[in-house]
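Participant: Structure below; questions to follow.
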Amino acid sequence: MLHTNKRRQRTAFGAAILALGLAASTLAAAREPASVYVEDLTSPEVQARIDKGATTVLVPIGGLEQSGPHIALGKHNVRARVLAGRIAQSLGSTLVAPVVAYVPEGLITPPSGHMRFAGTVSIPDSAFEAVLEATARSFCQHGVRAVFFLGDHGGYQKNEEKAAARVNRLGGCRVHALLEYYGATQTSYVAELKRRGHGEAEIGLHAGLADTALTLALDPALVRTELLAPGARAGKAGGVAGDPTRASTALGQLGVDRIVAESVAAIRAQLATQLSKPALQNPSRKP
Ligand SMILES: [Zn+2]
């Protein structure tokens, strides 16, 4: 009887050890997040990813900007982060930097453009370009070979190009203003909406059908659906260009699909061109 009890105890002990071992291996796996976002990783994890070939970084660029009575001010920030994540997952071996959330939005005093509305924040072009340049150079310093700026707002696309050109003059790591990311929202997404019977006045340029639907598809919590009709009535004086009344998640998904597909294709093309050229040494890179 005593012998049997001891055997039972030994068996229970063995099972406990096995369970502990499984728990430990599960924990170890949990400690290596699959996230593409640099913010979610430790420095050694980022270094390991780079060493294993994750040498492309996407820098999502958003902004804090009014979009009428029906879309929250963080629209660009949320969309840029989510879309950059999907693009990175589709590409593989790609990391995503934190969102650049402070961007040029017009004169502060007297206020111009979106700055006429509460909650919008604007910074000078020079400060914005300096942030983009330094961000790209930081990743290049750590072994990244290609940096892409993904700007969700139309007004600063030229600034992205200027910042990229300045870093590229240093040689080595290549920086690209991915104009295709924003371009898809103005071309193929609009064409898809027109094919479904929506006119230009409804699709709009800011906080209209296209903008509102895209936001609904990526984070519906940002859209006050009960205020779509007041949004349509707001007009330019109220910070809206377009009619968001018929905006839907399904229509926005058309935009999401176009942006991801066209960005992935453009990045792959840029990387193929870059790889066909001999690698240059970045003079700013220290061993
Ligand atoms: Zn904008």
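The values are calculated or read from the model by the stated rules, or taken from the named source; none is laboratory data. What you see is a predicted model; the values in this text were computed from it and never measured. Note: ideal-geometry Cβ built from the backbone for every residue, glycine included; neighbour counts use all protein chains shown.
Participant: Scan GLY171, GLY231 and give me the residue that is over 21 Å from GLU262 (Cβ atoms), modelled with pLDDT under 95 and over 16 Å from the mean Cα position of the chain (by Cα). Let's see the steps before the verdict.
Facilitator: Details: GLY231 fails: modelled with pLDDT under 95.
One residue alone meets the criteria, GLY171.
Participant: Now for a different question. If you scan the stretch 160-183, which residues turn out to be outside any helix (DSSP H, G or I) and either under 19 Å from ALA97 (Cα atoms) or not basic (Lys, Arg) (or both)? Working first, answer last.
Facilitator: Start the filter on the stretch 160-183 by keeping residues that are outside any helix (DSSP H, G or I), which leaves 169-178.
LEU170, GLY171, GLY172, CYS173, ARG174, VAL175, HIS176, ALA177, LEU178, listed by residue number.
Participant: What are the residues in the stretch 112-136 that are buried (at least 20 other Cβ atoms within 10 Å of the Cβ) and either touching a residue at least 60 places away in the same chain (Cβ under 8 Å) or at positive phi (or both), if any?
Facilitator: HIS114, LEU132, THR135, ALA136
Participant: Among the residues that make up the stretch 54-62, is at least one of them within 16 Å of the ligand (Cβ to nearest atom), within 23 Å of ARG268 (Cβ to Cβ) and touching a residue at least 24 places away in the same chain (Cβ under 8 Å)?
Facilitator: Applying the first criterion (within 16 Å of the ligand (Cβ to nearest atom)) to the stretch 54-62 yields 60-62.
Still in the list and also within 23 Å of ARG268 (Cβ to Cβ): 60-61.
Remaining after also requiring touching a residue at least 24 places away in the same chain (Cβ under 8 Å): 60-61.
Looking through the stretch 54-62, at least one residue is within 16 Å of the ligand (Cβ to nearest atom), within 23 Å of ARG268 (Cβ to Cβ) and touching a residue at least 24 places away in the same chain (Cβ under 8 Å).
Participant: Same structure again: If you go through the stretch 139-149 one residue at a time, do you hit one that is assigned to a loop (DSSP other than H, G, I, E, B), among the basic types (Lys, Arg) and more than 16 Å from the ligand (Cβ to nearest atom)? If you could, list the steps in order and put the result at the bottom.
Facilitator: Step one: of the stretch 139-149, the residues assigned to a loop (DSSP other than H, G, I, E, B) are 142-145.
From what is left, the residues that are among the basic types (Lys, Arg) are 145.
Filter once more, keeping what is more than 16 Å from the ligand (Cβ to nearest atom): 145.
Checking the stretch 139-149: at least one residue is assigned to a loop (DSSP other than H, G, I, E, B), among the basic types (Lys, Arg) and more than 16 Å from the ligand (Cβ to nearest atom).
Participant: Out of the residues in the stretch 75-103 that are of a type in the set (Gly, Ala, Ser) and assigned to a helix (DSSP H, G or I), which is surrounded by the most Cβ atoms within 10 Å (Cβ to Cβ)?
Facilitator: Checking each candidate, the answer is ALA84.
Participant: Looking only at the stretch 39-53, filter to residues that are among the β-branched types (Val, Ile, Thr) and crowded, with 17+ Cβ neighbours inside 10 Å; which one of those is nearest to the ligand (Cβ to nearest atom)? Quick ask: steps written out before the conclusion?
Facilitator: Our first condition is that a residue be among the β-branched types (Val, Ile, Thr); within the stretch 39-53, this holds for 42, 46, 50.
In the following step, the residues that additionally are crowded, with 17+ Cβ neighbours inside 10 Å were identified as 46, 50.
On the way: VAL46: 30, ILE50: 32 Å.
Checking each candidate, the answer is VAL46.
Participant: Specify which of the listed residues (ALA88, ALA80, ALA97, ALA72) is within 16 Å of the ligand (Cβ to nearest atom) and under 15 Å from the mean Cα position of the chain (by Cα).
Facilitator: Numbers: ALA88 fails: within 16 Å of the ligand (Cβ to nearest atom); ALA97 fails: within 16 Å of the ligand (Cβ to nearest atom); ALA72 fails: under 15 Å from the mean Cα position of the chain (by Cα).
On inspection, the qualifying residue turns out to be ALA80.
Participant: It is to be established whether one or more residues within the stretch 150-163 are of a type in the set (A, V, I, L, M, F, W, C) and within 16 Å of the ligand (Cβ to nearest atom). First the steps, then the outcome.
Facilitator: Keep residues of the stretch 150-163 that are of a type in the set (A, V, I, L, M, F, W, C), which gives 150, 163.
Okay, now just the ones that are also within 16 Å of the ligand (Cβ to nearest atom), so 150.
There is at least one residue in the stretch 150-163 that is of a type in the set (A, V, I, L, M, F, W, C) and within 16 Å of the ligand (Cβ to nearest atom).
Participant: Another question, if that's okay. Residues being free of Cβ contacts under 8 Å to residues at least 60 places away in the same chain, within 16 Å of the ligand (Cβ to nearest atom) and within 23 Å of GLY235 (Cβ to Cβ): count how many of those fall in the stretch 180-206.
Facilitator: Within the stretch 180-206, the subset free of Cβ contacts under 8 Å to residues at least 60 places away in the same chain is 182, 186-187, 190-191, 194-205.
Now restrict to residues that are within 16 Å of the ligand (Cβ to nearest atom): 182, 186, 190, 203-205.
Okay, now just the ones that are also within 23 Å of GLY235 (Cβ to Cβ), so 186, 190, 203-205.
Count: 5.
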